[in-house]
Amino acid sequence: MKLPEWTETFVKVYNDKERFPTIADVALELGISYQTVRNRGAILRGLARRGVEVPELISRVITKTRNDEEQLTPRDHAQKRADALRDAVCSILTRSRYPVINPEAVIVESSVAIVYDRALGLNVEKETTPRTWLSDTLRVERVEDPRGRTFIFTSAQNDAEIHLPFWRSLKTYAELIDADIVVGPLTYETQWWSETNPASRFYDPRLEEFLCFGQMEIGDNFIFAGEMNTLPTARRPISDLTTYSRGRWAVFPHPMIQLKSVPSTDPNIQAHQVMTTGSVTRPKVIPRRAGVKSVFHQVLGATIVEFDEDGDIFCRQIIADEDGSFYDLDIYVNGDDFTFHDGVAGIVFGDVHIAKADPKNCIASFGIHPRDPHRAHHSGSMMEVLKPEKVFLHDIHDHESRNHHNANDAAHAFEMAYRGRDSVEDEVFMAADFLYALSNAYEDTQVIVVDSNHDLALERYVREGRYRNDGINMLYGLRLEQAYMEFRRQVAEALEAGVNPPTFSLLEWAIRDLLAPIDLPVQWVHDGQSYLLNEVEHGNHGYRGANGAKGTVTGFAAMGRRMSIADKHSPEILDGVYVAGTMQLQMGYNRGPSGWAVANIVQYPNGKRTLVTLQNGKWRGRK
């Protein structure tokens with residue numbers, strides 16, 4: 001009969017009573033639980049009784065007792081247990097390169113219970129499991145000046161297998177970009193201070209040097225919450241933690257990817273973000289509903305945090321394939337090797353609103369100034385560096401000149417006239433000119449416009465007939481209405497014939513009409529249509545939900561389809577739904593606290609995505 005594969009190592013440790021005097025010591029050395037040690041010993045002894053040749057195990061039954069004068073009281077035993085547990089916990093908290101500086105915040109107290117002794121007929125004292133709690137937030141040494149530094153944050157579950165290919169890739173990349181790796185520890189079905197389960201404090205030895213059990217403050221505007229021991233199965237790991245960082249950017253260790261924007265009270269200052277990391281260990285859960293469901297959402301991943309020389313923060317998600325390889329911007333890493341790849345699959349830019357777009361954000365994203373009549377090219381943009389195969393533009397048109405929200409606002413009409421922005425045709429031409437410049441500058445990239453709510457405002461302007469009392473726009477409105485009514489005629493004929501009606505974008509028609517005879521090489525995804533790129537939905541702007549409901553991130557996440565949307569202006573990641581931001585924080589109509597931020601979605605050749613948030617006209621920390 002073949003013996004279990006663990007037999008040789010188990011017997012060697014179990015029989016070494018000098019080095020491992022107790023079963024708890026054996027469990028700690030082998031990285032298994034106390035009960036598993038007992039079970040394996042019983043298995044081997046059972047095989048021996050059945051005549052199977054197995055290595056002999058020593059007896060670990062305690063047969064001797066102390067003399068009466070040497071015996072410890074229950075309170076003495078309780079204190080010894082508490083002291084031993086406190087030493088074990090403090091050891092793991094302080095032995096990495098990021099030691100906890102206030103381990104005294106972990107309180108381990110002895111505990112004695114009163115039980116009834118039948119032999120004596122009296123209540124007597126008996127030591128019990130030590131009581132543990134926390135008196136303060138665990139902290140590691142603060143990084144005072146992070147300018148020019150890069151960090152890679154990830155998480156690891158206790159007693160779980162490390163994903164060696166991904167770990168190798170992470171270390172390769174950390175060396176390449178001179179980054180510090182920080183691993184946030186998590187526990188499952190136990191706690192670090194479990195007395196009888198040494199596996200609760202067991203992490204792969206290759207990770208121990210990088211474990212961070214405390215909160216790491218980095219500069220004045222960022223924290224890594226290494227102290228936040230969140231269950232790996234938690235479905236919304238940061239939904240109730242948006243205030244925890246107290247107005248600072250924050251990364252929480254967790255194997256699921258989630259990101260939320262936290263509103264700024266000043267609409268001129270973009271929202272800060274809180275996010276999770278992904279994990280460097282494989283899932284290890286109980287096969288029940290919560291555990292099984294969580295495995296689907298757990299990812300091999302990490303979060304890169306860059307601080308440039310100005311102290312601005314740039315965070316991105318790394319999500320690895322099963323072979324451990326991953327992309328980060330223009331670099332592909334696989335094990336010990338890296339290369340500059342040929343380009344990303346796509347970029348979803350934040351809502352453009354070209355009439356209002358912030359020039360510095362457009363230059364950083366597209367390399368084009370939105371109001372430069374010469375369309376001079378600026379180097380170093382996302383488009384130039386990442387070389388996307390496709391780009392998706394949302395809300396390319398703003399329709400500020402005659403938006404329905406301001407239809408009865410005389411003051412707004414005055415403002416548009418005073419600024420010389422009351423011509424609908426001129427505003428449409430701004431979008432046309434931008435698209436023409438973009439497609440010319442990047443001939444190898446397919447430009448795709450996703451019909452959005454502001455784009456559709458042009459159609460609403462015509463449908464409601466508001467142009468008829470709008471002197472400067474009356475003739476152009478008539479031209480638009482003629483085109484739109486021709487489309488509606490085609491719809492009517494199709495419906496009468498019992499076939500699917502055609503789709504149409506009045507903005508697309510208007511732009512192509514203005515640029516004629518130039519053939520604009522831009523593709524449109526009409527309102528309500530689908531466009532998949534590597535099984536990720538890109539055709540939904542984000543304002544139309546299921547069954548006629550308003551589009552929400554939670555609603556889209558419930559559909560089970562990976563999506564990249566815009567519309568909200570507030571970057572977010574939830575269950576495979578990624579939300580881009582906007583190109584302008586100040587639209588003129590937004591007031592009060594705002595979750596808006598300038599952010600674009602990058603999709604890599606393997607279908608993995610990341611959110612790239614711009615800061616002060618910059619899209620990354622490193623050059």
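The values are calculated or read from the model by the stated rules, or taken from the named source; none is laboratory data. Remember, predicted model here, so these are calculated numbers, not experimental data. Every residue, glycine as well, gets a Cβ built from its backbone with ideal geometry; the counts of neighbours run over all protein chains shown. The protein model used for the area step is the full one, side chains on, heavy atoms only, and it has no ligands, DNA or RNA in it. Shrake-Rupley method; radii C 1.70, N 1.55, O 1.52, S 1.80 Å.
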Considering each residue of region 408-452, count those that are hydroxyl-bearing (Ser, Thr, Tyr) and more than 38 Å from the chain's Cα centre (by Cα), and give that number. 2
Residues of region 299-323 that turn out to be under 23 Å from Leu231 (Cβ atoms) and within 11 Å of the chain's Cα centre (by Cα), as a count: 7
Would you please name the residue that is modelled with the highest pLDDT, looking only at residues in region 291-306 that are β-branched (Val, Ile, Thr) and not in a strand (DSSP E or B)? Val299
Residue that is within 16 Å of Ile354 (Cα to Cα) and surrounded by fewer than 21 Cβ atoms within 10 Å (Cβ to Cβ), where the choices are Asp395, Asp426, Asp409: Asp426
Show the residue pairs that are 6+ apart or on different chains and have beta-carbon atoms under 8 Å apart, the first residue being within region 221-240 and among the aliphatic types (A, V, I, L, M), the second being open to solvent by 40 Å² or more (accessible area, probe 1.4 Å) and not in a loop (DSSP other than H, G, I, E, B). Ile223/Glu217; Ile238/Lys260
Scanning for something out of contact with any strand residue (DSSP E or B) (no Cβ under 8 Å at 6 or more places or on another chain) and open to solvent by 20 Å² or more (accessible area, probe 1.4 Å), does region 591-603 turn up at least one residue? yes
Which of the residues that make up region 162-212 are assigned to a loop (DSSP other than H, G, I, E, B), open to solvent by less than 10 Å² (accessible area, probe 1.4 Å) and at pLDDT below 95? Thr187, Tyr203
Could you please find all residues in region 7-42 being loosely packed, with under 14 Cβ neighbours inside 10 Å and hydrophobic (A, V, I, L, M, F, W, C)? Ala42
Looking at Leu85 and the list (1) more than 44 Å from the chain's Cα centre (by Cα); (2) surrounded by 12 or more Cβ atoms within 10 Å (Cβ to Cβ); (3) of a type outside the set (Val, Ile, Thr), which single condition is not satisfied? (1)
Go through (1) within 24 Å of Ile573 (Cα to Cα); (2) surrounded by fewer than 16 Cβ atoms within 10 Å (Cβ to Cβ) one by one and return the number of the condition Val352 breaks. (2)
Which count do you get for residues in region 564-590 that are part of a loop (DSSP other than H, G, I, E, B) and in contact with a strand residue (DSSP E or B) (Cβ under 6 Å, 6 or more places away or on another chain)? 7
Here's a check for you: in region 267-284, which residue that is more than 9 Å from the chain's Cα centre (by Cα) and hydrophobic (A, V, I, L, M, F, W, C) is modelled with the highest pLDDT? Val280
If we keep just the residues of region 240-259 that are assigned to a loop (DSSP other than H, G, I, E, B), among the polar types (S, T, N, Q) and under 21 Å from Thr554 (Cβ atoms), which is nearest to the chain's Cα centre (by Cα)? Thr242
Of the residues in region 380-419, those that are of a type in the set (A, V, I, L, M, F, W, C) and in contact with a strand residue (DSSP E or B) (Cβ under 9 Å, 6 or more places away or on another chain) number 7
Selection count, region 146-161, where residues are assigned to a loop (DSSP other than H, G, I, E, B) and either in contact with a Cys (Cβ under 9 Å, 6 or more places away or on another chain) or open to solvent by less than 80 Å² (accessible area, probe 1.4 Å) (or both): 5
Qualifying residue in region 261-269 (condition: open to solvent by 10 Å² or more (accessible area, probe 1.4 Å), of a type in the set (A, V, I, L, M, F, W, C) and either in contact with a Cys (Cβ under 8 Å, 6 or more places away or on another chain) or within 26 Å of Asn334 (Cβ to Cβ) (or both)): no
The number of residues in region 526-538 that are surrounded by fewer than 20 Cβ atoms within 10 Å (Cβ to Cβ) and within 23 Å of Pro501 (Cβ to Cβ) is 7
What residue, among those in region 8-30 that are at pLDDT below 90 and β-branched (Val, Ile, Thr), is farthest from Asp159 (Cα to Cα)? Thr22
Among the residues of region 307-322, which ones are part of a loop (DSSP other than H, G, I, E, B) and either touching a strand residue (DSSP E or B) at 6+ places or on another chain (Cβ under 7 Å) or crowded, with 18+ Cβ neighbours inside 10 Å (or both)? Asp308, Asp312, Ala320
Residues to consider are Glu109, Glu53; find the one that is among the charged types (D, E, K, R), more than 30 Å from Glu209 (Cβ to Cβ), open to solvent by 40 Å² or more (accessible area, probe 1.4 Å) and touching a Lys or Arg at 6+ places or on another chain (Cβ under 9 Å). Glu109
Among the residues of region 266-283, how many are within 18 Å of Leu186 (Cβ to Cβ) and in contact with a Gly (Cβ under 9 Å, 6 or more places away or on another chain)? 6
Scan region 591-603 for residues that are in contact with a Gly (Cβ under 9 Å, 6 or more places away or on another chain) and either farther than 24 Å from Gly380 by Cβ or part of a loop (DSSP other than H, G, I, E, B) (or both) and report the count. 3
Within region 120-136, is even one residue crowded, with 18+ Cβ neighbours inside 10 Å, farther than 26 Å from Ala234 by Cβ and either in contact with a strand residue (DSSP E or B) (Cβ under 9 Å, 6 or more places away or on another chain) or modelled with pLDDT under 95 (or both)? yes
